[in-house]
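Note sheet for the following structure.
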Amino acid sequence: MKVESIYYSQHDATPQEWKLEECTLGTINLIVGENASGKSKLLNIIGSLGNLLSGSRGVFSSANYRVKFDKDGNKVEYILKCEGSIITDERLSLNGDTLLTRRADGLGEIYFQKLNDRVEFQAPPNQVVSVARRDAIQHPFLQDLYDWGKSIRHYHFGTPLGKDQLVIPLKRREGQPESQLDPKNTNMVVAMFIDAQKRFSSQFTDSIIQDMKAIGYDLKEIGTAPPISLILEFAPGEIVGVYAKEADLNGITDQNEMSQGMFRALSLLVQITYSQLINKTACILIDDIGEGLDYNRSTALVKLLVDKAKETPVQLIMATNDRFVMNNVPLEYWSVIQRIGNVSTIYDYRNSPDLFKEFELTGMNNFDFFSSKYYLKGNQQN
């Protein structure tokens with residue numbers, strides 16, 4: 001299931017009101033805009049809804065969502081309104097047929113597939129029905145929302161992405177259940193690496209080495225081991241981190257000694273590959289993509305991610321204000337976000353096709369489309 005469009009507002013009709021006008025999305029998306037225009041907020045809006053629908057967070061204090069999804073050619077529309085952590089409206093429709101309604105008083109109706117009928121209910125005021133009533137047999141449309149929310153991976157590329165965290169591998173005793181990793185936790189890269197090696201062996205490591213080489217890091221080996229460059233006294237057990245053996249170096253480079261840019265790229269690729277191998281990803285959000293990387297590696301990473309998205313059913317949504325990234329992502333994937341006051345507006349190939357096509361004939365580079373505010377040509381907002 002992929003997001004086709006999203007509208008969002010919060011704290012409506014108050015001084016704190018903020019609104020994102022309807023934003024349409026494709027399979028591959030690059031959100032570009034000035035600082036404080038709403039790029040990160042857009043990704044957070046999508047990620048937070050996913051966390052809510054998968055049951056990993058509580059009700060919003062204030063939110064007004066209208067999201068349209070595509071599910072194998074079927075059109076799903078989901079509406080959720082919250083104020084003061086109370087649900088005031090919740091609706092879901094499939095191909096125009098309303099399957100769930102819920103009013104501010106908690107009363108509503110939901111479609112039961114096996115009964116082929118709608119049944120009344122009353123939910124607590126702070127309970128999201130799409131989460132509480134999830135049932136793959138009777139309400140498969142709610143299971144689809146859950147699966148989508150569970151599959152979202154939200155990476156903040158400008159953060160350490162787990163560089164500052166090591167792990168103590170624990171041996172599982174006989175009869176003891178295996179510990180459950182949370183693939184959404186982007187700081188657990190070492191634990192994910194260890195688990196992936198156990199489950200997928202060289203298929204996993206060979207894939208990471210190949211991808212790292214594609215973006216300019218020629219690695220001969222990657223793995224986990226106690227860090228060489230760090231001495232930890234009084235540790236309760238052996239502590240390990242990720243290491244890489246670069247082709248032009250005799251020794252290894254452990255996690256602590258890697259440059260921030262190299263580790264971010266490695267961590268991102270480890271986590272994306274891990275999620276794909278366990279078939280748990282459908283939507284990838286990456287904020288500040290390319291941050292901390294040089295021109296060649298930044299552009300190569302973006303190209304690699306775009307190529308991967310083309311070959312899989314994954315929806316890729318990246319955000320940046322980096323000119324290197326902008327110049328290497330075709331305008332057809334762009335969504336330019338502009339904020340005026342408390343309203344953020346999107347300009348893209350879908351709502352302004354003539355403007356984008358006209359610019360492509362100028363011969364200027366993509367960054368000029370953004371820096372010159374060409375996207376506002378002919379608009380009164382210019």
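The values are calculated or read from the model by the stated rules, or taken from the named source; none is laboratory data. For clarity, every value in this text was computed on a predicted model and none was experimentally measured. Glycine gets a Cβ as well: all are built from the backbone with ideal geometry, and neighbour counts include every protein chain shown.
Could you say which residue among 169, 160 is in contact with a strand residue (DSSP E or B) (Cβ under 7 Å, 6 or more places away or on another chain), over 22 Å from residue 67 (Cβ atoms) and outside any helix (DSSP H, G or I)? I'd like the intermediate steps shown before the answer.
Numbers: 160 fails: in contact with a strand residue (DSSP E or B) (Cβ under 7 Å, 6 or more places away or on another chain).
Result of the check over 169, 160: 169.
All but one of (1) closer than 30 Å to residue 68 by Cβ; (2) under 25 Å from the mean Cα position of the chain (by Cα); (3) surrounded by fewer than 19 Cβ atoms within 10 Å (Cβ to Cβ); (4) touching a residue at least 24 places away in the same chain (Cβ under 8 Å) hold for residue 126; which doesn't?
Unmet condition: (2).
Can you spot a residue in the stretch 339-350 that is in a helix (DSSP H, G or I) and crowded, with 16+ Cβ neighbours inside 10 Å?
Looking through the stretch 339-350, none of the residues is in a helix (DSSP H, G or I) and crowded, with 16+ Cβ neighbours inside 10 Å.
Search the stretch 73-98 for residues that are hydroxyl-bearing (Ser, Thr, Tyr) and pair each with any residue that is outside any strand (DSSP E or B) when their beta-carbon atoms are under 6 Å apart and the residues are at least 6 apart or on different chains.
Filtered contacts from the stretch 73-98: 85/59; 85/61; 85/126; 88/104.
Only one residue in 316, 305 is over 30 Å from residue 230 (Cβ atoms), in a helix (DSSP H, G or I) and either at pLDDT 95 or above or in contact with a His (Cβ under 6 Å, 6 or more places away or on another chain) (or both), so which one is that?
305
Going residue by residue through the stretch 45-57, is there one that turns out to be among the small types (Gly, Ala, Ser), closer than 23 Å to residue 136 by Cβ and surrounded by fewer than 16 Cβ atoms within 10 Å (Cβ to Cβ)?
Yes, the stretch 45-57 contains at least one residue that is among the small types (Gly, Ala, Ser), closer than 23 Å to residue 136 by Cβ and surrounded by fewer than 16 Cβ atoms within 10 Å (Cβ to Cβ).
One line per residue, one yes/no per condition, for (1) surrounded by fewer than 19 Cβ atoms within 10 Å (Cβ to Cβ); (2) of a type outside the set (A, V, I, L, M, F, W, C); (3) under 27 Å from residue 307 (Cβ atoms):
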site: 23; (1), (2), (3): no, no, yes
site: 37; (1), (2), (3): no, yes, no
site: 66; (1), (2), (3): yes, yes, no
site: 72; (1), (2), (3): yes, yes, yes
site: 75; (1), (2), (3): yes, yes, no
site: 81; (1), (2), (3): no, yes, no
site: 90; (1), (2), (3): no, yes, no
site: 99; (1), (2), (3): no, no, no
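Among the numbered conditions (1) modelled with pLDDT of 95 or more; (2) more than 11 Å from residue 30 (Cβ to Cβ); (3) surrounded by 13 or more Cβ atoms within 10 Å (Cβ to Cβ), tell me where residue 360 comes up short.
(1)
For residue 362, are the conditions met, namely being more than 30 Å from residue 13 (Cβ to Cβ), of a type in the set (S, T, N, Q) and free of Cβ contacts under 8 Å to residues at least 60 places away in the same chain?
On the way: more than 30 Å from residue 13 (Cβ to Cβ): yes; of a type in the set (S, T, N, Q): yes; free of Cβ contacts under 8 Å to residues at least 60 places away in the same chain: yes.
Yes, satisfied.
So residue 362 ticks every box in (1) within 24 Å of the chain's Cα centre (by Cα); (2) among the β-branched types (Val, Ile, Thr); (3) outside any helix (DSSP H, G or I) but one. Which box is left unticked?
Residue 362 satisfies every listed condition except (1).
Where residues in the stretch 249-267 are outside any loop (DSSP other than H, G, I, E, B) and free of Cβ contacts under 8 Å to residues at least 40 places away in the same chain, which of them is farthest from residue 188 (Cα to Cα)?
253
Can you say whether residue 237 is at pLDDT below 95, small (Gly, Ala, Ser) and surrounded by 11 or more Cβ atoms within 10 Å (Cβ to Cβ), as far as the supplied structure shows?
On the way: at pLDDT below 95: yes; small (Gly, Ala, Ser): yes; surrounded by 11 or more Cβ atoms within 10 Å (Cβ to Cβ): no.
Criteria not met by residue 237.
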